[in-house]
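Read-outs throughout are calculated quantities, based only on the coordinates presented, and are distinct from any laboratory measurement. Predicted model, so just to flag it, every value in this text is computed and none were measured. No Cβ is skipped: glycine too gets one built from the backbone with ideal geometry, and neighbour counts run over all protein chains shown.
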Amino acid sequence: MALIKRVLREALWLVVAVAITAGGWFGFQILGSNSQAVEANPISPTVPVVQVAQMQVLEGGIPIKANGFVQAAKTLDIAAQTGGRIVELHPAIDQRANFSRGDVLFRLDDRQAQASLAQLTANRESAVAQRGLVATQLERTRALRERGIVAQDQLDQLQTQMQEVEASVRSIAASVRAAEESLVDTVVTAPFDGRVQEKLAELGSVIGQGAPVARIYSSGEIEVEVSLREDEASLIPGLFTDPQASGVVEASFSDRRYRWEADIARVERQINDQTRTIDVTLALRNPDNGQPVGHVGEPIPALINTYATVELAAPQRQTTFVVPASSVRGGNRVWLVRDGALQIVDVDVVHREGPETYVIADGVVQGMMLITSQLASAIDGMPVDVTAGAPDTAQQAGL
């Protein structure tokens, strides 16, 4: 009996296993007959979005910026070559005002010089008279000697006396000339048109030889000296012969800006051994007529010792583009957009000035679209998408 139950139980489990297997097979067939084919969709690559700006041709010269101080081309301490008491001062010295070339700036008491000249003049006249008397005696003695009336010793004595008198006349004449020059030196005149910068002596003061009375400068010749790097100076054609670059000088007065046109006056022919720069001096064209910048007002003169900024405009040798400094990649490349693709273009960097860089690029024209944004990687010819609002003129340029 137990055997029969075990056989029936195993048979039952066998039937259940067969039923489960058959049910799974029939279910798979049914699902397979009702399934739909799934097609694979291609994955579209991501196109980077870039920001652009138009390539702009530089108008005018390449700007070179520097700074320096306003100074006079000529500064001089006026003094006399003789000493004495000051008896006259030009009003400009007291007022720190203008004077003209040839004006008497100061005069010293010349009474002693006049007396000395008068005495020496009288001595010269006496010596000349003595020379005439000796000359007459010498002529007579020669005649008598030829006739044998006088001895040779007497003639020799007169000839010696004549030499001494002539030497005396020459010596006194030299002293007279020196006295005349000393008299002239008591009057000091202006060597150029200018202005008094500082008064150094008062009327009535007794000064020694060479003691300065005032410091003057040439008001019509005002300059600014700046230091340029070698790469900046090399942009100026004819730098050491005939510099071809104009400039603008700006300075502040009472928190307002004023401007003067300027030209290069001098260029040092040496490199500063510490800064490795070249000193360039600009002369203001009209130093008394500084024009207001950004405000309404009257012109002012250039003020000595004022801090000034200078911008030189170096002529372009070729068409030059001005681009943001950050758009120059790897030192000498820019990224452009052409037909929806990135184009890497080599450029010649001419000058860098703050946030702007000046470049020359073959085959590039104004209006082409310059990529100004950053990319993780840039491959020549890769597709890019331009930020909405890109200039229409760039598309008109054939990009």
For every helix of n ≥ 4 consecutive DSSP H residues, a contribution of -39,500 (n - 2.57) applies; sum these over the chain, divide by its total residues, and give [θ] at 222 nm rounded to the nearest 500 deg cm²/dmol. -10000 deg cm²/dmol
Checked against the positive end of the charge dipole of the chain (+1 on Cβ of Lys and Arg, -1 on Cβ of Asp and Glu, about the Cα centre), the farthest of 226, 119, 105 is 226
Report, to the nearest 10°, how far helix 2-34 tilts away from the longest principal axis of the Cα atoms in the chain, using its own Cα long axis and a range of 0 to 90°. 50 degrees
How big is the gap, in Å, between the Cα center of the range 241-318 and the Cα center of the range 122-177? 70 Å
Treating each Cα of the range 195-234 as an identical point scatterer and ignoring solvent, apply the Debye formula and state log10 I(q)/I(0) at q = 0.20, 0.26, 0.35 Å⁻¹. -0.74, -0.92, -1.15
If each residue of separation counts as 0.36 nm, what is the full-extension length gain between residue 374 and residue 122 once their alpha-carbon separation is subtracted? 81.1 nm
Packing-based exposure ordering (other Cβ within 10 Å, fewest first) of 90, 295, 351: 295, 351, 90
Hey, could you get me the Stokes-Einstein D for the range 164-254, Kirkwood radius over alpha-carbon pairs, 20 °C and 1.002 mPa s, rounded to whole µm² s⁻¹? 111 µm²/s
Kirkwood Rh over Cα pairs of the range 228-327 into Stokes-Einstein at 37 °C, 0.692 mPa s: D in µm²/s? 214 µm²/s
Distance (nanometres) between label positions extended 7 Å along Cα→Cβ at residue 261 and residue 178: 5.5 nm
Rg and Dmax in Å for the chain, alpha carbons only: what are they? 49.4, 208
Going from the alpha-carbon gyration tensor of the range 113-178, what semi-axes, largest first and in whole Å, does one get by taking the root of 5 times each eigenvalue? 32, 9, 6
Full extension between residue 85 and residue 295 adds, at 0.36 nm per residue less the Cα distance, a length in nm of 70.6 nm
Spin-label model distance (nm) - residue 276 vs residue 362, 7 Å beyond Cα toward Cβ: 3.0 nm
Quick one: if you stick a label point 7 Å off each Cα along the C-beta vector at residue 49 and residue 209, how many nm between them? 8.8 nm
Going highest first, how would you order 257-264, 142-149, 219-226 by mean Cβ packing within 10 Å? 219-226, 257-264, 142-149
To the nearest 20 Debye, how big is the dipole of the chain about its Cα centre, given +1 on the beta carbon of each Lys and Arg and -1 on that of each Asp and Glu? 940 debye
May I ask you to compute the full-extension gain from residue 187 to residue 332, defined as 0.36 nm times their residue separation minus their alpha-carbon distance, rounded to one decimal in nm? 45.6 nm
Cβ-derived FRET efficiency at R0 41 Å, residue 98 paired with residue 240, nearest 0.05: 0.70
Whole Å is fine, so just give me how far the alpha carbon centre of the range 330-369 lies from that of the range 75-96. 63 Å
Which cross-chain or sequence-distant (5 or more) residues have an amide H under 5 Å from the amide H of residue 219, H modelled 1.01 Å from N in plane? 194, 195
Mind sorting 254, 326 by how few other Cβ atoms lie within 10 Å of their own Cβ, fewest first? 254, 326
